[in-house]
Amino acid sequence: MKKVDSNSIIAIAALVTSVVAVFIAWDESRLMRRSQEAAFIPIIEIEGGSDFAVPDIHLRVHNTGHGVAYVESLEFLYENRPLTEWSEFSNLFLNPDLDRAVEISWDAGLGYYPIGEDRTVMAFQFPKDLTETLREHLLYDAAEAYTKFDVVACYCSVFGKCWTKHMLNRGRPEPVNACEPSKDPAAALWSGYVASRPGARTDG
């Protein structure tokens, strides 16, 4: 009858214990990361609106979640096609009187959005004496056009999880594998606006 080597048994038991401990630590780390990802999810919301007290038309991007968001791409769409030319934008959403009087200000729509960030990506401001003209235009002439205008943001969390969000879709952001970086469409519209009038402001 062979003798059992107690040292070998102890060594094997120690090895098994180490493997189990490593697995438990890995599993706990995985669960902790998932818990952190769930607790720090950024939620990007996009809002287009008007303020007749100013008066203006504005586009705002908010981070209403619990984590930092990095917006890697932003698109302006009309009937699901990219809208990048100021002349086209003006023809769709303004009338000649509003176009002649409008002043644009803009801020970078791409980049980091801390928790609670509320950024006005673009604002179209008009003289006070055009308040009623703007109101009637938005309520009647351009109402249908604005229902076809969408803004789509693709953004990621610090954990590398990414989502897309449509302005026209009030539901949850849609998860995606990654975001394809883009140029800022607000910058493109601003450039076209400045080119259309030599006396335009340059403080964007």
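The values are calculated or read from the model by the stated rules, or taken from the named source; none is laboratory data. Owing to the predicted nature of the structure, the values given are computational and were not obtained by experimental measurement. Cβ atoms come from the backbone with ideal geometry, glycine included; neighbour counts cover every protein chain shown. These area figures cover heavy atoms from the full protein model, side chains too; ligands, DNA and RNA do not enter into them. Shrake-Rupley method; radii C 1.70, N 1.55, O 1.52, S 1.80 Å.
Table for the structure above
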| read-out | value |
| --- | --- |
| Dipole-positive endmost among 156, 181, 171 within the range 146-185 (Cβ charges, Cα centre) | 171 |
| Karplus 3J(HN,Hα) series, Hz, for the range 66-80 with 6.51 cos²θ - 1.76 cosθ + 1.60 (x for Gly, Pro) | 10, x, 5, 10, 10, 7, 9, 8, 9, 10, 9, 10, 10, 6, 6 |
| Accessible surface of the range 63-204 [probe 1.4 Å, protein heavy atoms]: carbon and sulfur percent | 50 |
| Residue 78 versus residue 170: modelled label distance in nm, points set 7 Å from Cα along the beta carbon direction | 2.5 |
| Relative packing of peptides 185-193, 125-133 - highest average C-beta neighbours within 10 Å first | 185-193, 125-133 |
| Prolate/oblate/rounded call for the range 55-103, Cα gyration tensor, a/c under 1.5 rounded | oblate |
| Qualifying GluC sites (Glu not before Pro) in the range 66-110, DSSP loop, other Cβ atoms within 10 Å at most 16 | 79, 85 |
| Where trypsin sites (Lys or Arg not before Pro) fall in DSSP loop in the range 138-170, at most 15 other Cβ within 10 Å | 148, 170 |
| Rounded if a/c under 1.5, otherwise prolate or oblate - the range 110-167, Cα gyration tensor axes | oblate |
